[in-house]
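The values are calculated or read from the model by the stated rules, or taken from the named source; none is laboratory data. All values derive from a computational prediction rather than experimental measurement. Cβ placement follows ideal geometry from the backbone for every residue including glycine, while neighbour counts extend to all protein chains displayed. Accessible surface areas use protein heavy atoms only, side chains included; no ligands, DNA or RNA. Shrake-Rupley method; radii C 1.70, N 1.55, O 1.52, S 1.80 Å.
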Amino acid sequence: MREMDKAFDFKTAQTRWYAVWEEAKVFEAKPDSGKEPWSIVIPPPNITGNLHMGHALVNTLHDVLTRFKRAQGYDALWVPGTDHAGIATQMMVERQLKAEGKTRHDLSRAEFEARLWAWKEQNQGAIEHQLKRMGAGVDWTRNRFTLDPALNKAVRHVFVEAYKQGRIYRGPRMIQWDPALQTALSDLEVKHEERRGKLWHLRYPLADGSGDIVVATTRPETMLGDTAVAVHPDDARYTAVVGKLLNHPITGRQIPVVADSFVDPEFGTGCVKLTPAHDANDFAAGQRLKLDSITVIGFDAKMTAAAGAYAGLDRFECRKRILVDLEEQGFLVKVEDHTNKIALSDRSGAVLEPLVSDQWFMDVKEAAAKSLEAVRSGAIQFTPEHHTAVWEHWLTNIQDWCISRQLVWGHRIPAWTCGKCQHLHVELEAPATCCACGASELTQDPDTLDTWFSSALWPFSVFGWPEQTADLKRYYPTSVLITGYDILFFWVARMAMAGLTWMGEVPFRKVYFNSLVRDASGQKMSKTKGNVIDPLEVMDEYGTDALRFSLAMAAAPGTDIAMSATRLEVSRNFCNKLWNASRFVQMNLGPETSLELDPEFGEAEFWMVGRLKAELTAVTEALEAFRFHDAADRLYHLVYDDFCSTYIELAKVQLQNGTAAQKATILHFLDLLLRALHPFVPFLTEEIHEAVFEGRLPAGESQLIAERGWPLDSPLLTRTGGDPTLVPTFQEALSTLLRLKAENGVDPAKRVAALCSVKALTPFTEALKTIAKLESVTFVDGDLAPTDTRAVAVVTGGAVALELAGLKDPVAERAKLEKEREKLEKELVALKGRVDNPRYLEKAPPEEVEKARALAAEKETRLAQVSALLV
């Protein structure tokens, strides 16, 4: 049994205990245990990333919940893993090649893939090491990577089956193209940014010479691909020109004036040019009106041969040249300032180009309908609930998903084209010969799948699907998902759709959307602002436990977290307080004191066990409802206010000089507190547990607190007795005496004599003297009246006073009492007005009415006591 150090060495504890937990297989699931399963999967972090505050928060909440469920007796499984992060990883490796003076096109596909896998092997371990530093209790024996062969098999299975069912198809569609990354993006990978620009009004002459019409556009460079000009069919201004031909101002090509209801008559002049190859609305209109589509901007964001004299120019340079030409030729009518929404790549930041491209798409409308119903029926429950409205809006308006990416890093599309007859084969494995003509010249599609395609299968692919494994049957659906609300569509919705489609069941019962972590002033963290808080640095300075507790205390559902040094200092001080209290307990235990001894109860013990039962019940309910902040806050005050500031002070005498049974009581209380705190501060509690409880645990009990049960089940909490009002009255008397000292300018350390008319507090004389720094405490009969040398204050059941000869101002003392009487009178008027109001009594819940009446009675008693002191 080792003596605790004066201070908690968190750096040593963090390294030591994780290795111990791993060796003891604490985090490994136990499918043969006979326990009820409980499972959760990690939102797989990108292999490109380092731990940031968002990771720190989400993994803290995962770990709190998993340790809590394990302590409750569940077979708790937290599945770890990492995401291959297609675009992000390829960008990192291409950056390496650029530093070498190369591009990926200088390498064969196989050589580039080899570089990608080498980078993955070098970097994947970093994020996993950081998870261990956070104390993440994941089952490393089930560690997964989204490009693992088993997960690739699941991806291929879904692709092939969905293709055969007609839900995956390939065809020319308008997509968002990233010219920097040279890949198509899904709508969710696009961010829109408002920018100040221009609205150019251009004159298009009528071919019959009868006049012209003016078109307003924000993208004059695309006019080279115009195949019509459109007006609204109900716009009377243009009824006469519908069906006529126009001479294109630059190309001279004749294009028709058409009518289509998508045109907004209020925008610009009410006439819009139609460029089906470069705008989603124009593309749809072109399909309806059977217009030609002319691609004038290529995948390199340069003008194509179809742009004529402008071919080869960058699209924005082309805009400048065209505007000069239009003005010179008299076709530029006017220019207006205009705020426009620009589509940008969420990854590269490049201005995206809408292009018609041959891509793979997935029809998800049926799956979206199932996902909508799952939330409506309660099969999936959201916390906070307000995210349901966003879910409804997005899934109701969902479009087919562009799933192909022009990347090398990722799951390659399992499709092969015959070089001889062009027959397309979509199979699980590469076919040896063409099924149509027998040729062996088969070429696999070079594209890979959107990263989110494999991530959507995560909740069941990690358990071995499409094989019907024992893990899949036991741990799917998972119990809960914890993730950021910013990926509700990217990931949560797609997992729901995939689970309902391929498993016939929701992938999780509940979803908790965690907060976003911001800086101390509530600003989003960014490198450019210089306000990024690095969790690795925080753990080095404050300790992992302090970081975890800070995040948990601030994790209120639906609110973002403002992280600050002050918040971290509060948590570090809390950890130190628990350490010092535990050290004080350890220093005063005898060798015979253990948890096997039957504890001895007095008034303080009955009160403390009542506080433990009430708060641990509330903590349990809070964790079940994902109110992590509430659970952490209750534990904070239970330790600080009840155990340290009150109970230990009351129990100091018996802790230092009491019997083994009396000391065992304190040991039991500390044990319950440590077990409740363990999910939040695992390293600290494990270190204290070893130091204090080694050799003191019941036979057969695990030596690791990480393997011990949740404290709410302790038989100790069933003990009742004593006067439940006595210790609260002591707390009130103590705080009142301290307040009297402060109000009268008495040095907190100066010992003065005190009086008390609440004789029931006689057993707490020494505690009052010690904590309030009093010279003596004299218990008196009857009322305590103020005098020139006495400061008096009312408490429940009587009054307390300080003898302040030479220190007290009698006029000021009477003024204080008069001010208190005035305050009480006002409060009583308001309370009585409420409880005497028939409408309030009719509408308010009965428990609220009862509470208001009790408060009014308490105020009346207090008013009578204060009035008596002023007589």
>> Is it the case, given these coordinates, that Ala150 is surrounded by fewer than 21 Cβ atoms within 10 Å (Cβ to Cβ), without any contact (Cβ under 8 Å) to a residue 12 or more places away in the chain and small (Gly, Ala, Ser)?
In response: no
> Which of the residues that make up the stretch 560-584 are over 20 Å from Gln14 (Cβ atoms) and of a type in the set (Phe, Trp, Tyr)?
Replying inline: Phe584
> Can you spot a residue in the stretch 611-621 that is of a type in the set (Gly, Ala, Ser), modelled with pLDDT of 95 or more and either open to solvent by less than 30 Å² (accessible area, probe 1.4 Å) or within 26 Å of His129 (Cα to Cα) (or both)?
Replying inline: yes
>> Can you tell me which condition Leu738 does not meet? The list is (1) open to solvent by less than 30 Å² (accessible area, probe 1.4 Å); (2) closer than 23 Å to Arg814 by Cβ, and all the others hold.
In response: (1)
>> Please return the ranges of helices (runs of 4 or more DSSP H) entirely within the stretch 775-871 where 2 or more residues are closer than 24 Å to Leu740 by Cα and touching a helix residue (DSSP H, G or I) at 6+ places or on another chain (Cβ under 6 Å).
In response: 810-835, 846-869
> What number of residues in the stretch 650-682 are in contact with a Leu (Cβ under 8 Å, 6 or more places away or on another chain), open to solvent by 10 Å² or more (accessible area, probe 1.4 Å) and more than 13 Å from Gln586 (Cβ to Cβ)?
Replying inline: 4
>> Suppose we filter Arg167, Arg133, Arg196 for residues that are under 30 Å from Ala493 (Cβ atoms), of a type in the set (Lys, Arg) and open to solvent by 20 Å² or more (accessible area, probe 1.4 Å); which single one remains?
In response: Arg167
> Looking only at residues in the stretch 366-381 that are within 13 Å of Thr396 (Cα to Cα) and open to solvent by 80 Å² or more (accessible area, probe 1.4 Å), which one is farthest from the chain's Cα centre (by Cα)?
Replying inline: Glu366
>> Exactly one condition in (1) buried (at least 16 other Cβ atoms within 10 Å of the Cβ); (2) modelled with pLDDT of 80 or more; (3) under 30 Å from Ala749 (Cβ atoms) is false for Leu828; which is it?
In response: (3)
>> Being under 30 Å from Pro446 (Cβ atoms) and either touching a Cys at 6+ places or on another chain (Cβ under 9 Å) or basic (Lys, Arg) (or both) narrows it down to one residue among Lys102, Lys35, Lys69; which is it?
In response: Lys102
> When residues of the stretch 92-118 are filtered for being open to solvent by 50 Å² or more (accessible area, probe 1.4 Å) and in a helix (DSSP H, G or I), how many remain?
Replying inline: 15
> Of the residues Ala470, Ala430, Ala415, which single one is open to solvent by 40 Å² or more (accessible area, probe 1.4 Å) and in contact with a strand residue (DSSP E or B) (Cβ under 7 Å, 6 or more places away or on another chain)?
Replying inline: Ala430
>> Which of the numbered conditions does Asp633 fail, given that it passes all the others? Conditions: (1) among the charged types (D, E, K, R); (2) modelled with pLDDT of 95 or more; (3) under 22 Å from Phe27 (Cα atoms).
In response: (3)
> Which condition does Glu707 not pass, out of (1) in contact with a strand residue (DSSP E or B) (Cβ under 9 Å, 6 or more places away or on another chain); (2) open to solvent by 10 Å² or more (accessible area, probe 1.4 Å); (3) more than 25 Å from Asn573 (Cβ to Cβ), if it passes all the others?
Replying inline: (1)
> Only one of (1) touching an Asp or Glu at 6+ places or on another chain (Cβ under 9 Å); (2) more than 13 Å from Ser582 (Cβ to Cβ); (3) part of a helix (DSSP H, G or I) is not met by Leu616, so which one is it?
Replying inline: (1)
> Does the stretch 628-647 include one or more residues that are of a type outside the set (D, E, K, R), buried (at least 19 other Cβ atoms within 10 Å of the Cβ) and more than 30 Å from Pro557 (Cα to Cα)?
Replying inline: yes
> Of the residues in the stretch 550-566, how many are open to solvent by 10 Å² or more (accessible area, probe 1.4 Å) and closer than 15 Å to Glu537 by Cβ?
Replying inline: 2
> For the stretch 506-537, what are the residues that are surrounded by fewer than 24 Cβ atoms within 10 Å (Cβ to Cβ), touching a residue at least 60 places away in the same chain (Cβ under 8 Å) and in a helix (DSSP H, G or I)?
Replying inline: Leu536
> Which of the following residues is surrounded by fewer than 15 Cβ atoms within 10 Å (Cβ to Cβ) and under 24 Å from Trp452 (Cα atoms): Glu336, Glu392?
Replying inline: Glu392
> Would the stretch 344-361 turn up any residue that is farther than 25 Å from His105 by Cα and in contact with a Gly (Cβ under 9 Å, 6 or more places away or on another chain)?
Replying inline: yes
> Restricted to the stretch 252-268, and to residues that are assigned to a loop (DSSP other than H, G, I, E, B) and either acidic (Asp, Glu) or surrounded by 17 or more Cβ atoms within 10 Å (Cβ to Cβ) (or both), which residue is modelled with the lowest pLDDT?
Replying inline: Gly268
> Which ones in the stretch 204-235 are free of Cβ contacts under 8 Å to residues at least 40 places away in the same chain and farther than 26 Å from Ala280 by Cα?
Replying inline: Asp208, Gly209, Ser210, Gly211, Asp212
